[in-house]
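The values are calculated or read from the model by the stated rules, or taken from the named source; none is laboratory data. All values derive from a computational prediction rather than experimental measurement. Virtual Cβ from ideal backbone geometry, glycine too; neighbours counted across all protein chains shown. Protein only, heavy atoms only, side chains kept; ligands, DNA and RNA dropped before computing areas. Shrake-Rupley method; radii C 1.70, N 1.55, O 1.52, S 1.80 Å.
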Amino acid sequence: MATIGQSLIPSHVFGIHGKMRDGVHFVDDTTIVYCAAHCVIWWKTEEKHQKVVCGTADTETMTAIALSHNKKHVAIAESSLPDRPAVVEQRKEAGDLTKAVEAPKTSALEIKGPVISIFDSVSAKKKKVLMGGDIGSRSYISLAFSHDSKCLAAQGGAPEWNLVLWSLEKSKLIASIKTSTGPDVYQVQCCPTDQNLITVIGDGFAKSFRSTDSALKPISTGIGKREGLKFVTHLWLFDPSAPAEKEKDKTDKKEESVCLYALENGEVLYTEAGEIVSSISPPGGLPGAGYLEVFLQFSKGFISAESGGIIGIFEKQDDDNFKRTRCFKVDANGTRIVSLALSPGEESLACVLESRQLILVPFQNSEFYADEVPKEATGLGFHSEGITGLDVCYRKPLAVTSSTDKCIRVWNYIEKCCELAKYFPQEALSISLHPSGFQILVGFTDKLRLMNILIDDIRIAKEFNIKSCQDCAFSNGGQYFAAVQQNVIYVFNTYNFENLGNLRGHNGKVRSIWWSPDDTFMITAGIDGAIYEWQIRDLKRSRENVLKGCIYTSVIGLKDSKSFFAVGSDHKLKELDENSVFKEFFFPVLLTQIALPFGSRLLFAGTEFGAVRAYRYPLTGEFYEVQALGSPVTRLIVSRDSSLLLCGGDDGAVVIFDIRDKEKALASHGVRHDKDASHWTSEVLVLKADLEELKSRVQDLEQQVTEVQAHCEYQIRLKDEGIAIRIKELTDVTDKELAETKVKYEAIIQQKNDKELEWEQKYKALEDLLAARLAEMEEQYQKKMLVEVGRYTTLENEKEIQRLEYVEDRAILTDKHEKALVDMTDSYEEKLEIQQNAYAKLKEEAAQALLDFEEIRRQMEEDTDKEIEDQKEKYDSMVAAEKETVTRLKGENGIMRKKFSEFKKENEEQREELQMLFEQKKELYEIIGSLERDIAGLKKDIHERDDTIGEKEKRIYDMKRKNLELEKFKFVLDFKIKDLSDQIEPREAELQDAKDQIRKMEIELERWLDFAENSIKKWQHTMRIICISCKTIASQHRANTARRLSLSKSVDEQSTLSHQMEQENLRQRVVQLENELCTKNDRIKYLEAMIQELELVQNRPKSRGQLPPMDGVGPFAGSSSTGSILSPERRPSVD
């Protein structure tokens, strides 16, 4: 890992935590520290520069932040990762994957519980890490430094709610105590005047604790009388100018131990030494004002953040009470304020909103603010919900993001600012930026929209009927773009909006699209485990790789290679080809997104826990990891010059990294552009109407400037005239005053000269006096010197005499010492001889005593051995009894151990089962969310098909009316047929001369009439069936309508698809009946034509030789061989 270390350097973060209490602090007047994503940010407000420090590895997110009172240390609390079942790689049999490589294990600090990191507030370097101890939860919810910055109080979260106290000097846990048995805890604070006093508030309680050397003890206070109410926040008031360790008077102690408690009902309790003194009334005056949510002290009182996005300023009065003097809003929408911070010079006020917006308000001019948002307020807008789309372009240093908060933002990653933001009524699911930077493609829930990026707005240019587009992408050249709807990829031409084709082949939703650098092919991956390569020229699939059971989330390819990379739900990073897997690396952490810059030696990946990894390419499994986000990485993209990496997550933050790739291959890609190079284009899109409006406004302003100039010139002339008159008056007054001043000046000069003469005389007299005193003092000192010289001479003589006496005394003492030494030597030799004789005598006595001792010891050993044998027999019997007892207890212990292991195993199985149920519940919630979106789409389709069915019913009603007319016409035809039959009978008498021919014709005619009557009867039967079918269809429609109403009330049931199939079958049945009705109408028309031909036959002229021919039948003679009137081929067929 050392070879690719520090390949990702965080440079900027767009985002901020929107739920962290006290989440922003001023280090100095121009530096703000806060948490965003999984990073700590030091933001220079004047330089617009950030210093970013990423979080600790193997932690989930940052939960709390605190700044010491001396502003030297910053404490950050990070939560531990949630417990989940271990992910184990499924081993493959031998020969299944010969090129599989096992991922190397990386050593990391094992995190067991929440972590607190201490940073230097100036250098942003990590100084200490506090972790360990029995916290009883995965996170800390609040931190507070003691006033001397030697200790840190940390309030743990659910379920134990333990309060722990850390010593920063020793980096060890001093004491801990449980603060709540169930209700939520909100905040912990340390008393500034009493270093051992800690207060905690929560839902229904406010408690105080006193710390000792090794414990935290609860103490009773008057605030406990108000327990049962919800305490929102509290604040200790103190004098910042007073030293923390200074001894104070009793009167000062009373003033400085003041604490304010805010309740949910809007009341603020004023306490001194733990006792309630008074209360401050609930705020009012602005619409939406309510209870106080955040407190912040300043020199004249305190600042409060109230519900409705209102800032209230309370100042201390003469009677030691607080009164709200003014208030103003910081957000027009009334978004809740979660954190406040005031600069040390009280020049700027920082506000963090729940919607993750950071607003800076100049606090010096707060007395001039009205009851509205100040114009001087500057806001930093960020996404408040998860990122769904992220893309960059070639020609501009721009990045666009879409989020579930229905906002699209355009970021400048060079100037580190948001250039444009716009909210839409629908949620944006995906986004892509054109390489030119002038257009974006956004997939909304209802349609796919192509938009133009103007200088100050985002306008819709074209809409496409593609619903719920989960992913879309422009080609690298910008001439094409692709959009995904479920399992179909639509390819369009960017400039004429022509649909080039639809790519179908996936069996599930498509999750990722990658365009080749030359835009000749595209790679797609979906949840069906399939990866396809599509040729854009003929829109056909050229390569594929299918792995069933794997849900792919991201896929990328290489510029000059046939392999591609993919990550999915199988926890593997794979390098694949058409038919094989070259390499695969298994990781316990799920990889969500990958990116590979062109020509780079690094491959980047995002994880489900918000970390970003840099893998060496070609893949070896080696990686460098940076904890960037506090939620899963949803989007990951590299800038076009491969110098920056941008990632977005579910927490709405966008993190920018500088890529440090020392081994990057730039032979084919070219040298990386410098960030400040001039290759970026500066053109923008402006509407013609806006330009014309701007021109007219400029003309109006120029005209106004001309008028103002003329008016100013006239006013200047008037002022010049007035000034000239005033100057003349002032000149006269000045001349008069000057003359008077000259006279005064001359008088003062005369006085000055007189004083100089007087002081010269005094100075001369003083000099004479000093000279006389100096001469007198010199004479006195000369006399003293003579006396001292005489004394010195006398002392010198005495010193010489004493030296001679000392030499004589020394010689005498030396002789005496030598004589005494000889005498002492002789006496001690005599004493030594006496002592030696005594020693010999004592030695003999000791030998005799030793013999006596041996005899006594022998006798005592015999007595002791006998006593030991007696005791041994006694204790052997006791040991045997104890062994029997131990054996019995061991058996019972073994049984209990077995039972304990069984209980432990059952407990582990139940825990695993609960975890599995939790994961299944999470997956079911995701499936329910997806099904709800599908149900919404299906409801819309049902509504559209209901309209279609209504139109069909109208057509059926019209057809019924036509059927009634046809029945009337059929009755007329029956009457005509009967009339024709009556007319044939008298003519038989007239045709006696041609009986044979007429008989044959009558036989044929009777056959035809029978055939016609049968056809008409069948047609009538068919019409009755059609009427019955129409009634049945109407009843089915009413039943389906009732069923749809019931289905709309129970959306969770999944019978919508069956209802849709019934509607489709009903529609097909209606179309079939319409076709049958058209066929019947054609046959009726044919029968009418046949009846008309019969009438012509009946009305033909009487002749003996030949009958006139019938149209479509042919002539017939009087012989029997002429044939029938209608041949079998001409007869209509009746189904």
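Here the accessible area is traced with a 1.4 Å probe on the protein chains. For the stretch 114-182, carbon and sulfur cover 49 percent of it. Both the radius of gyration and Dmax for the stretch 298-352 are 11.9, 37 Å, in that order, over alpha-carbon atoms. A 28 angstrom limit on the alpha carbon distance is what I want to check against. Which of K48/K71; K125/K316; K422/K462; K72/K170; K19/K921 exceed it? Those over the limit are K125/K316. Per residue, the Cα convex hull of the stretch 704-759 amounts to 74 Å³.
Using the Cβ-Cβ distance between I551 and K172 with R0 set to 45 Å, the FRET efficiency works out to roughly 0.45.
Rg/Rh for the stretch 392-488 stands at 0.94; both radii use Cα atoms, and Rh follows the Kirkwood definition.
Shape analysis of the stretch 300-436 places it in the prolate category; the axes a ≥ b ≥ c from the Cα gyration tensor give an a/c of at least 1.5, with a/b above b/c.
The accessible-area ordering, largest first, of the residues L235, L917, L173 stands as L917, L173, L235, per a 1.4 angstrom probe. Legend: calculated FRET efficiency, R897 to L81, from the Cβ-Cβ distance at R0 = 41 Å, rounded to 0.05, equals 0.80. Protein heavy-atom accessible surface, 1.4 Å probe, per residue over the stretch 366-494: 36 Å².
Summing charges over all other residues whose Cβ lies under 11 Å from the Cβ of L163, with Lys and Arg as +1 and Asp and Glu as -1, gives +1. A straight Cα-to-Cα reach below 18 Å connects K719 with the lysines K728, residues fewer than 8 places away in its own chain not being considered. Stretching the chain fully between L964 and V129 yields a gain of 291.4 nm (0.36 nm per residue, less the alpha carbon separation).
Considering only protein heavy atoms and a probe of 1.4 Å, how much of the accessible area of the stretch 356-507 is carbon and sulfur, as a whole percent?
Roughly 45 percent of what the probe reaches on the stretch 356-507 is carbon or sulfur.
Radius of gyration (Cα atoms) of the stretch 526-634, expressed as a multiple of 2.2 N^0.38 Å: 1.07.
Each residue of the stretch 838-848 was assigned a 3J(HN,Hα) from its phi angle through the Karplus curve 6.51 cos²θ - 1.76 cosθ + 1.60 (θ = phi - 60°); the sequence is 4, 5, 5, 5, 5, 5, 5, 4, 5, 5, 5 Hz, with glycine and proline shown as x.
Expressed in nm to one decimal, what extension gain is obtained for the pair F497 and I868 from 0.36 nm per residue of sequence separation less their Cα-Cα distance?
Computed gain between F497 and I868 is 122.4 nm.
Restricting the calculation to alpha carbons of the stretch 737-788 gives Rg and Dmax of 22.5, 73 angstrom. For the stretch 475-563, the mean projected area of the C-alpha convex hull, equal to one quarter of the hull surface, is 5.3 nm². At a probe radius of 1.4 angstrom, the accessible area of the stretch 863-947 per residue rounds to 91 square angstrom. Loop-resident GluC sites (Glu not before Pro) (DSSP state other than H, G, I, E or B) in the stretch 387-479 with no more than 11 further Cβ atoms inside 10 Å of their Cβ: E415.
Label reach from R336 (point 7 Å along Cα→C-beta): in the stretch 146-185, amide nitrogens under 15 Å belong to 184-185. Cross-link reach is defined here as a Cα-Cα straight distance under 25 Å, omitting same-chain residues fewer than 8 places apart; for K960 the lysines meeting it are K952, K968, K970, K976, K1017, K1018, K1031, K1080, K1085. Using a simple spin-label model with pseudo-atoms 7 Å out from Cα toward Cβ, R459 and E818 lie 12.9 nm apart. In terms of distances greater than 22 angstrom between alpha carbons, the cross-link table entries K178/K207; K112/K583; K150/K225; K509/K574 yield K112/K583; K150/K225.
Would you work out if the stretch 814-955 is rounded, prolate or oblate? Take a ≥ b ≥ c from the square roots of the eigenvalues of the alpha-carbon gyration tensor; rounded if a/c is under 1.5, else prolate when a/b is larger than b/c, oblate otherwise. Oblate, since a/c reaches 1.5 and b/c is not below a/b. If each of D1082 and L539 carries a label point 7 Å out from its Cα toward its Cβ, how far apart are those two points in nm? With each label placed 7 Å out from Cα toward Cβ, I get 3.5 nm. Report the normalised scattering of the stretch 716-824 as log10 I(q)/I(0) at q = 0.13, 0.21, 0.24 Å⁻¹, calculated by the Debye formula with identical scatterers on the alpha carbons. Log10 of I(q)/I(0), two decimals: -0.86, -1.11, -1.18.
In plain terms, the chain from E912 to E740 could stretch by 51.3 nm, reckoned as 0.36 nm per residue minus the Cα-Cα distance. Ignoring ligands, DNA and RNA, what percent of the accessible area of the stretch 883-972 is carbon or sulfur (1.4 Å)? Percent of accessible area from carbon and sulfur atoms in the stretch 883-972: 57. The calculated FRET efficiency for the pair E923 and E953, based on their C-beta separation and a Förster distance of 41 Å, comes to about 0.45.
Run the paramagnetic zone check for V684: 7 angstrom along Cα to Cβ, then residues of the stretch 409-438 with backbone nitrogen under 17 Å. Inside the label zone: 409-422, 437-438. Peptides 589-602, 536-549, ordered by how many other C-beta atoms sit within 10 Å of their residues on average, highest first, read 589-602, 536-549. The mean accessible area for residues of the stretch 603-662, using a 1.4 Å probe and ignoring ligands and nucleic acids, is 23 Å² per residue.
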